[in-house]
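The values are calculated or read from the model by the stated rules, or taken from the named source; none is laboratory data. Everything numeric here is computed off the predicted structure, so don't read it as measured data. For neighbour counting, all protein chains shown are included, and Cβ atoms are generated from backbone atoms with ideal geometry for every residue, glycine included. These area figures cover heavy atoms from the full protein model, side chains too; ligands, DNA and RNA do not enter into them. Shrake-Rupley method; radii C 1.70, N 1.55, O 1.52, S 1.80 Å.
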Amino acid sequence: MTRENMNFDVIIVGAGPAGLTAAIRLKQLAHLHEQDLRICVLEKGSRVGAHTLSGAVLETTALDELLPNWRQLDNPVQLAVKKDRFMLLTENYTIPLPLPPQMVNEGNYIISLGLFCRFLAEQAEELGVEIYSGFAASELLFNDQNQVIGVKTGDIGLTKEGNMSSHYQEGIMLHAKQTLLAEGCRGSLTQNAIKHFQLDKESCPQTYGLGIKEIWEVDSKYYQRGQVWHSVGWPLNHSTYGGSFVYHADMNQVSLGLVVGLDYENPSLDPFQELQRFKTHPQIRKLLQGGRRIAYGARTLNEGGSQSIPKLTFPGGALIGDAAGFMNVPKIKGIHTSMKSAMLAADALFPQLQSETVAECSEYTHQLHQSWLWRELHKVRNIRPGFRAGLLMGLCNAALETYLLRGYAPWTLSQKPDYECLKAADKMPVIAYPPPDNILTFDKLSSVALTNTMHIEGQPNHLKLINPTAMIAINYKTYGSPETHYCPAGVYEILYNKKTRAPRLQINSQNCIHCKACDIKDPTQNIIWTPPQGGDGPNYTAM
Ligand SMILES: Cc1cc2nc3c(=O)[nH]c(=O)nc-3n(C[C@H](O)[C@H](O)[C@H](O)COP(=O)(O)OP(=O)(O)OC[C@H]3O[C@@H](n4cnc5c(N)ncnc54)[C@H](O)[C@@H]3O)c2cc1C
Ligand code: SF4
């Protein structure tokens, strides 16, 4: 990226399905109306897909609308789901459950989201979208009328002391009529915009889950190409929300993972360790026997439902995709919903881009409320909050909402923020996890090694503590340092002074895989995740 001509019609932060869809749709409209639009997409990963992690089973509704000819293109959406299984696990047994309609995957495809994003990026570039990978947007730019007028990219090459190293490159100011925030779940600029414009004033608090995923190459004896398995129950106890997924992808590869609701109460719960335990279930052990783990990663996802979607527009910009929280939780799907929100935003925005400036595109919200996306999310809004009363009550409430009320309940269940849910360590049992066997189960550091994570040394720590002393005074003393458990990359460590035995928190920020769990779950909201230098972080190949 050069410093000349940094004015765009639209800047899109994030090259996930939402950001790329918005870019494609805007360019399609521009071509249709024979207009020229300059669209820029910034991606903090070293390349498109490097930071992308999903299951993933793709519902193609939004893709069909965006690229009706996608089947004729060279695309990575090839493996149709052949069979769904939904199960309740106990430690030793598997109990088949009836498949709820939301979990029927007939007509859907098992994909790698990373490869799918690269496919979307190719389509966008063919239309003339400028995609800059390795550039993190680090702050929103405002004019004196409190309108967002673009973003600044992060400085590159600052040392820890704030001095410039030999490869220092100052952040670049990029200006646009509109800035679309498509950072995915818990985006950092998104959080700033929500706070600055009080976008969540009238919505319920957003809630989240943490998804930990591994890809295995398995023995063909047990592999069932095209099958999709979901389970609830073990290894999680009945008061902890979550479930597993096992997707039999192509080439003897199986994507498996565990999503744990971040509203859990026990500070010693460790979602990474829960996934390791999940693999020891007889059914999963059998599937993985003789296999080889080839990839690992983790990412948070939104679970708040339509009641937690904040106001979507602000002067100079809008939120699209998971940045706003368009996840359909009972379906465990957010790709098609993110894409649809991006198309709605693009459609609403395009006519306004003809003027010199665009104030606020409220038409986007209006069009959203008329769309299938809103109907889909509104229908299932009470299912996830119903699990706050435990697994059995949650399943009963889900059945009531699905089969009897069909989404027309006259009430909407609310929820409290995840960081308020932890109980003091001395009020909860300590969960003891077995050591890894390095065949089926592993530790965090050897897992992080599979993510190809890299952070250039010397830059300021991207994990900021508002009050460093609280990490011992509150987190350690009251909660037993929950960050040392929930972080799936072992970034947080308590070390003890050899002489005094005084504890101190060590932050190994170079291992951070950008899942954003610490930004969400820290009990006093003391940890602020900020984007490190562009290109840093995990380098997933096909997650
Ligand atoms: C474990 C797991 C399993 C899932 N399974 C499924 C599934 O099977 N099916 C399904 O449909 N959905 C699934 N989802 C949800 C789905 O992945 C998301 O809903 C979807 O990816 C959201 O798309 P997005 O474009 O809004 O955000 P993302 O896909 O998160 O993309 C955001 C992009 O923005 C970039 N970015 C963020 N901040 C910045 C910044 N400041 N500057 C520059 N770039 C930035 C990121 O690097 C990333 O590339 C799953 C999610 C998880 C975590
Ligand atoms: S430091 Fe935070 S964002 Fe990074 S991997 Fe750990 S929990 Fe996730």
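Summary table
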| quantity | calculated |
| --- | --- |
| Label zone at Glu217 (point 7 Å along Cα-to-Cβ), backbone N below 20 Å, segment 251-273 | 251-257 |
| Segment 299-429: Cα Rg divided by the 2.2 N^0.38 Å rule of thumb | 1.25 |
| Cα gyration tensor category, rounded, prolate or oblate, for segment 169-274 with a/c compared to 1.5 | oblate |
| Point-to-point label distance, Ile294-Ala473, nm (Cα→Cβ direction, 7 Å offset) | 5.0 |
| Carbon plus sulfur fraction of accessible area for the chain, probe 1.4 Å, in percent | 53 |
| Under 15 Å from the Asp74 label point (7 Å along Cα→beta-carbon), backbone N, segment 105-127 | 116, 118-126 |
| For the chain, average projected area of the Cα convex hull in nm² | 25.3 |
| Highest to lowest packing among 79-91, 422-434, scored as the average C-beta count within 10 Å | 79-91, 422-434 |
| Tyr476 accessible area, assembled protein chains, probe 1.4 Å, Å² | 70 |
| By average C-beta atoms within 10 angstrom, highest first, the peptides 243-255, 215-227, 113-125, 318-330 | 318-330, 113-125, 243-255, 215-227 |
| Loop sites in segment 466-543: trypsin sites (Lys or Arg not before Pro), DSSP, at most 11 other Cβ within 10 Å | Lys498, Lys499, Arg501 |
| Per-selection metrics, segment 49-165 (Cα): Rg and Dmax in Å | 21.6, 63 |
| Semi-axis lengths, Å, segment 1-120, gyration tensor of Cα atoms, sqrt of 5 times eigenvalues | 37, 18, 11 |
| Within the chain, helix-based [θ] at 222 nm, where runs of 4 or more DSSP H residues each add -39,500 (n - 2.57), nearest 500 | -6000 deg cm²/dmol |
| Whole-number accessible area per residue in Å² for the chain, which is evaluated in the context of all protein chains at 1.4 Å | 41 |
| Binned Cα-Cα distance frequencies in segment 368-428 - 10 Å width, integer % | 20, 41, 26, 11, 3 |
| Descending principal axes extents, segment 293-333, alpha-carbon based, whole Å | 47, 24, 11 |
| Rounded D (µm²/s) - segment 385-530, Kirkwood Rh over Cα pairs, Stokes-Einstein at 37 °C, 0.692 mPa s | 180 |
| Size descriptor, Kirkwood hydrodynamic radius, that averages inverse alpha-carbon separations across segment 265-374, Å | 17.1 |
| Across Lys423/Lys498; Lys44/Lys177; Lys444/Lys516; Lys152/Lys311; Lys286/Lys416, pairs whose alpha-carbon gap is larger than 28 Å | Lys423/Lys498; Lys286/Lys416 |
| Calculated over segment 216-303: convex hull of Cα atoms, volume per residue (Å³) | 102 |
| Segments 357-364, 292-299 sorted - mean Cβ within 10 Å per residue, highest first | 292-299, 357-364 |
| For segment 535-543, 3J(HN,Hα) per residue [Karplus equation, 6.51 cos²θ - 1.76 cosθ + 1.60, θ = phi - 60°, Hz, x = Gly/Pro] | x, 6, x, x, 10, 5, 8, 8, 8 |
